[in-house]
Amino acid sequence: MDTASEELYYQKIQELVQDDDKIVTVPSLASILGVSLQDSRSLISKYVEDQRKLKADEFAVTYILSGTFKDNGKRGVLLVKEDNLEKKRNLLNNNHHEVVYSIQKNKDVDFNIIALVDMFNATNIKDTALRGSVVGKNCVKRVLKFKKLPAPPPPTVKGKSSVFAAKAETSASTEKTTTAPKTESKSKPAAGIADLFKAAASKPKGGKNPVPIKQNKPVKSGSLTGFLTNATPKLLKAVSSSESDREANDLKAASSSKDTSLKNNISNIIDVDSEEEFVEVKKVVEPLKKVEAVKKNRKQENKKNSSKRQRDKSKEVPSKKRKRIIERRDSDSDDLFEKEEDTSDIIERSDEETERAPSPVVRKPLPPKNKRRKAVTRTYEDEEGFVVTKTEYIYETASEDESENVEPKACNDKKEEKPAPKQKAPEKKKLAKNQATLMSFFKKK
Amino acid sequence: MSQETENIERTTAEYKNLSEKFTTQCADYNRQYCSIYLARLKEMEALLMERITKKWGDRFPICKLHKLAEVSYDKCVVIGTIFKDQKLKPSILKQLAEANQLTPQPVLHHFTDETDRLFLEDELQRYQLLGTLDVKKLVTGVTCALLGSDMGNGKFMVEDCVFADCRPQIEKPIFNEDVFVVFVSAMNFIKHENFISNLELFAYWLCGMVGDGDTVSRIARIVIAGNSIKTTTEKHIPTISLTSRVTESTETIEAVKSFDYFLLQLSELVDVDVMPGEHDPSNHILPQKPMHYCMFPKSSVYKSLNQVSNPYFFSLDGLKIFGTSGQPVRDIKWFSEVTDPLDALESCLKWNHIAPTAPDTLGCFPYYEKDPFILDDCPHVFFAGNQEEFGTRMVTGSDGQKIRLISIPEFCNTFQAVMLNLKDLGCDTIDFDTSK
């Protein structure tokens with residue numbers, strides 16, 4: 001170490017001890033100056049010697065003694081004050097070592113505070129040990145490998161209806177923050193439903209203007225728009241065409257001309273405010289009989305609370321050509337959806353459960369007088385060639401006693417379905433293949 | 001001015017961790033504890049057969065306990081596990097009964113009594129032992145072979161006994177130079193502000209800057225034998241809360257943090273093995289798993305830091321060192337009249353089992369197939385941490401095995417570490433004194 005550097009270090013020590021009133025230990029000085037421990041110890045020793053010649057009691061020094069005790073021959077390392085140095089020296093054998101450890105301006109020496117200086121020094125993590133230390137070969141840092149984790153899957157919004165799910169999927173596809181899909185999912189379905197009611201409020205004439213939301217929304221299973229957009233392209237075109245009115249009339253005529261067989265097959269009522277939606281629903285009803293894929297999207301029909309939404313027929317305007325689809329919530333399950341998988345039903349039914357609050361109330365239609373629903377078991381061959389036995393409900397002239405039995409049963413079944421939406425398919429009723437339901441709007445595609 | 005700027009190289013020794021059987025166990029707690037006794041008896045039976053042949057030859061027949069009443073041997077040898085029936089042994093039933101009593105029961109730390117009785121049990125039968133066996137020196141779980149005769153009424157008069165004794169030991173390797181291993185335990189960092197100067201002095205001494213760099217440079221390894229965070233359990237404050245979970249206090253968390261910084265200082269200089277203790281953040285029952293490295297983010301960066309199990313078995317250049325954080329020795333002292341931890345260590349070697357009271361009074365994992373606490377081979381050094389004072393002794397096995405027994409004192413009380421010289425198995429303490 002050259003003289004110039006030495007002079008600088010002395011000045012630094014002077015500054016730390018006299019000006020800053022700090023405790024300077026050998027390790028801390030080595031760390032501050034960037035020198036080895038031996039050099040640091042030498043600097044402090046020489047500084048103490050020089051200062052002692054000039055000013056005797058300007059500062060306090062602590063020493064470390066290491067050796068073997070005279071009485072028992074055991075090893076010992078002692079941290080002593082300058083005052084007790086002689087006394088401690090006498091405890092050790094003559095071949096002991098004595099080194100300076102710390103220097104401070106304050107005469108009141110506290111070993112714990114001195115130790116804290118090195119303890120705080122330890123918190124400043126260095127790459128290696130202080131220079132001049134005795135270091136083992138294995139005292140090196142590990143080579144850390146950082147594993148790149150795959151991107152997390154898009155969050156699934158639980159507890160929301162298929163309408164919300166439709167929005168969540170679109171937002172999740174962008175793989176942005178999780179909050180974004182939620183907010184988007186919340187806003188978009190709300191917008192969708194708002195548009196639904198907006199369209200109803202505006203009540204456009206003749207249903208000329210289809211609800212734009214249906215065209216613009218992506219295809220989502222169970223969503224209102226999804227129900228419509230999942231239809232065949234032909235249907236979509238038909239929906240958007242200017243001939244919607246004529247087709248609606250045709251559908252209405254066809255539906256009205258149909259006898260009770262159609263009504264018997266209908267098990268869901270969707271009370272929709274906008275006539276355009278009704279129009280489009282009607283259009284879809286017939287083709288849905290043929291298209292099996294569309295059937296699978298109406299998984300949520302049975303679980304919708306059709307009783308909440310019930311339109312009084314007397315108030316209907318014949319020109320609007322509305323069609324009611326009665327939702328059966330008791331054991332009269334929708335036969336149309338009996339084949340559908342239960343797992344998807346579980347998810348969608350649970351979604352529908354929470355979604356019932358915002359949806360309009362669908363009231364159960366009053367059965368005609370002198371006629372009661374009766375469960376009838378029918379066996380038929382479905383499109384795939386399987387023999388299917390399903391329970392259907394038909395209206396028959398019945399006595400009052402029978403009606404009492406049927407209604408409580410229906411009510412009880414409703415209650416059962418509400419807390420247990422995950423009941424299996426056997427409990428469903430076969431729905432007419434061409435019968436659209438309110439719930440079908442909220443099903444996943 | 002000194003021109004030395006390079007670090008001084010420390011002596012190294014080839015290290016092998018032999019504690020696999022203590023770290024690998026599946027987390028299956030559905031089995032009963034009787035299985036470990038069966039496994040213990042089965043394994044020890046083979047060892048005892050050799051001892052029986054060596055001591056008594058073929059003079060006496062070896063008989064199963066359940067057949068003693070059927071046969072009419074004058075003298076025979078029976079093999080089984082000792083069960084010590086102690087009136088003062090803690091029992092959950094007693095605790096429940098005491099909860100209803102008005103007078104509080106005294107808190108005991110020694111559970112021996114004049115009325116203690118010994119029984120010998122095997123897979124099927126149990127016999128009360130009378131005779132020359134010293135009840136005060138034995139504990140439950142020791143497997144032995146007894147020579148005596150059946151007195152009827154389920155009693156066996158013992159004339160002589162033999163234990164499994166020390167297993168074969170490999171020859172001690174020869175060291176050309178001094179190689180030291182430093183043992184320290186009970187650093188008790190939760191109270192470290194009271195003796196932080198002693199801890200920093202210890203760390204500074206390891207740098208080699210206190211003058212005896214020649215000795216310090218020969219320190220190859222440091223073993224911290226448990227209770228680094230705290231040495232006592234927190235007192236349970238009775239509350240009306242229905243949950244029994246006790247959340248970790250902030251003091252413990254801060255202590256772990258401080259210990260991490262301290263380990264960083266040590267890891268920069270020397271290889272450090274950290275064993276969990278009874279009161280450390282590790283599983284309570286034996287064998288204790290190594291403390292998780294996530295608790296030591298600063299120091300675990302260094303390769304020199306090893307989190308190891310308790311019990312801990314390792315070798316340095318072929319010299320085998322085995323030890324615990326002190327729970328088995330403490331338990332033997334509680335349930336027998338053995339007071340010196342070195343006597344307990346020596347008894348463990350004689351019984352060939354490091355924790356015979358497990359699982360009766362010392363918690364352990366419900367092993368099924370094998371008892372891992374049985375010593376498979378005899379170590380050269382056998383230590384126990386967290387003892388009140390330092391002690392060391394050289395013992396000799398029946399076949400000439402030489403084992404250094406070490407009782408490691410609590411650093412927080414004594415400010416002592418233990419230095420073991422692998423060359424001659426010399427062992428002594430080193431004091432880090434900062435008293436004014």
Within the stretch B:294-306, restricting attention to residues that are at the interface with another protein chain (Cβ under 10 Å from one of its Cβ atoms) and outside any loop (DSSP other than H, G, I, E, B), which residue is surrounded by the fewest Cβ atoms within 10 Å (Cβ to Cβ)? B:Val301
Out of B:Val182, B:Val210, sole residue that is in the same structural domain as B:Phe335 (by TED's automatic domain parsing), under 30 Å from A:Val77 (Cα atoms) and in contact (Cβ under 8 Å) with a residue 60 or more places away in the chain: B:Val182
Looking across the stretch B:172-185 at residues that are aliphatic (A, V, I, L, M) and part of a loop (DSSP other than H, G, I, E, B), the single one that is modelled with the highest pLDDT is B:Val179
Restricting the stretch B:322-344 to residues that are of a type in the set (Val, Ile, Thr) and touching a Ser or Thr at 6+ places or on another chain (Cβ under 7 Å), the residue that is surrounded by the most Cβ atoms within 10 Å (Cβ to Cβ): B:Ile332
What number of residues within the stretch B:401-433 satisfy the criterion of being outside any strand (DSSP E or B) and under 16 Å from B:Glu200 (Cβ atoms)? 3
Looking only at the stretch A:70-87, count how many residues are within 27 Å of B:Asp428 (Cα to Cα), out of contact with any Phe, Trp or Tyr (no Cβ under 8 Å at 6 or more places or on another chain) and more than 8 Å from every other protein chain (Cβ to nearest Cβ). 6
Name the pairs: first residue in the stretch A:37-56 and within 14 Å of chain B (Cβ to nearest Cβ), second residue assigned to a helix (DSSP H, G or I) and polar (S, T, N, Q), Cβ to Cβ under 8 Å, at least 6 apart or on different chains? A:Tyr47/A:Gln14
Pull up the stretch B:207-224, narrow it to residues that are within 7 Å of chain A (Cβ to nearest Cβ) and not small (Gly, Ala, Ser), then point me to the one that is surrounded by the fewest Cβ atoms within 10 Å (Cβ to Cβ). B:Asp212
As an exercise: evaluate B:Ala203 against (1) out of contact with any Asp or Glu (no Cβ under 8 Å at 6 or more places or on another chain); (2) at pLDDT below 95; (3) assigned by TED's automatic domain parsing to the domain that holds B:Phe411 and give the number of the one condition it does not meet. (1)
Take the conditions touching a residue at least 40 places away in the same chain (Cβ under 8 Å) and either out of contact with any Cys (no Cβ under 6 Å at 6 or more places or on another chain) or more than 9 Å from chain B (Cβ to nearest Cβ) (or both) and apply them to A:Val100. Does it pass? yes
Could you check, for the stretch B:403-415, whether at least one of its residues is surrounded by fewer than 17 Cβ atoms within 10 Å (Cβ to Cβ), of a type outside the set (Asp, Glu) and within 14 Å of chain A (Cβ to nearest Cβ)? no
Condition test on B:Lys137, is it more than 14 Å from every other protein chain (Cβ to nearest Cβ), basic (Lys, Arg) and either touching a His at 6+ places or on another chain (Cβ under 8 Å) or under 29 Å from B:Thr361 (Cβ atoms) (or both)? yes
Residues in the stretch B:156-178: is at least one within 14 Å of chain A (Cβ to nearest Cβ) and either over 28 Å from the mean Cα position of the chain (by Cα) or farther than 24 Å from B:Tyr37 by Cβ (or both)? yes
Taking strands (runs of 3 or more DSSP E) that fall entirely within the stretch B:119-171, which contain at least 3 residues that are at negative phi and touching a residue at least 60 places away in the same chain (Cβ under 8 Å)? B:143-152, B:155-163
Checking A:Pro153 against (1) at pLDDT below 80; (2) more than 7 Å from every other protein chain (Cβ to nearest Cβ), the condition it does not meet: (1)
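The values are calculated or read from the model by the stated rules, or taken from the named source; none is laboratory data. Given the structure is predicted, the values throughout are model-derived calculations rather than measurements. With ideal geometry, Cβ positions are generated from the backbone for all residues, glycine too; neighbour counts draw on all protein chains shown.
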